Amino acid sequence: METNDIYEVWNKETAGVLSVKPLILKACEAGMIGQAVSFPGGCIYKSMFTYLCGIPDSDFLAEHKDLLYESRLVCMSDEWAEYIRKLPAKFILRRELMEPFCSGSSKILNELPEGCSLSPFTEEIFDMHPFDHGRSYSDYQEFAKKGAGAAVMYNGQVVSAASSFISFEDHVELDVFTEPEHRHKGLADHCVFEMLKQCRSKGLTVHWDAQNRMSSKMAVSHGFVPVTDYAVYWLEG
């Protein structure tokens, strides 16, 4: 998963149900992150996304309308998709889930631009929380043990970074971001390459949830294989 300013609109006729459990949902189910709201036949897991599982209960939802608003909704069943698609949507976005990856990248990289340097996440970089990276970990020691990350520095500042967003068992979710004025220079590729190298040495499996074609293309270039695309709903109201 990565933070970026470019999103892709879901323009397929299908509802975009996500049939594969992403790592974030697995962590939610285990009670590691987010919150769970259960009702007969289903459950809503709220984290950075709201995962709609099982079968919706109209009576319950009528009394808890707030559960579906101001949140990015992902339908994990056809029944939920049918329910959500009857409601006014402000926008529907497309994301693409990659197959979990447990190897280093074989991508051939160009040299970093002059003035740029690559560094693993040191404690100093971690404490900066560049682009909010690392905030799900209690401290650097936990991150160093369970996660991985790399950053490109320029003039003493982090201008690009790839790191684990969350860790669950021996799996991590990748998050990558580059400052807009430093994009299209291959910086993110260097960060991803280094992060994958670290994860391989630690025996960590990496998950990538791409929010646009550019992210998908980068993931594939490092060895990831697309599994499925899906829709993310944001309701009016």
Conditions (1) aliphatic (A, V, I, L, M); (2) within 26 Å of Ser117 (Cα to Cα); (3) crowded, with 21+ Cβ neighbours inside 10 Å; (4) within 19 Å of the chain's Cα centre (by Cα): number failed by Ala231: (2)
In segment 53-102, the residues that are assigned to a helix (DSSP H, G or I) and more than 29 Å from Ile6 (Cβ to Cβ): Ser58, Asp59, Phe60, Leu61, Ala62, Glu63, Lys65, Asp66, Asp78, Glu79, Glu82, Tyr83
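Would you be able to say whether some residue in segment 16-36 is aliphatic (A, V, I, L, M), assigned to a loop (DSSP other than H, G, I, E, B) and within 17 Å of Trp234 (Cα to Cα)?
Checked segment 16-36: at least one residue is aliphatic (A, V, I, L, M), assigned to a loop (DSSP other than H, G, I, E, B) and within 17 Å of Trp234 (Cα to Cα).
Give the residue, chosen from Ser119, Ser105, that is in a loop (DSSP other than H, G, I, E, B) and either touching a residue at least 60 places away in the same chain (Cβ under 8 Å) or not aliphatic (A, V, I, L, M) (or both).
Within the list Ser119, Ser105, the selection yields Ser105.
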Strands (runs of 3 or more DSSP E) fully within segment 131-237 counting 3 or more residues that are closer than 30 Å to Ala81 by Cβ and in contact (Cβ under 8 Å) with a residue 60 or more places away in the chain: 157-168, 171-178, 205-207, 226-235
Filter result (buried (at least 22 other Cβ atoms within 10 Å of the Cβ) and over 12 Å from the mean Cα position of the chain (by Cα)) within segment 168-178: Thr178
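All of the numbers you see were taken from the coordinates with simple rules; none came from a lab. Model, not experiment: these values are computed from the prediction. Cβ sites come from the backbone with ideal geometry, for glycine too, and all protein chains shown count toward neighbours.
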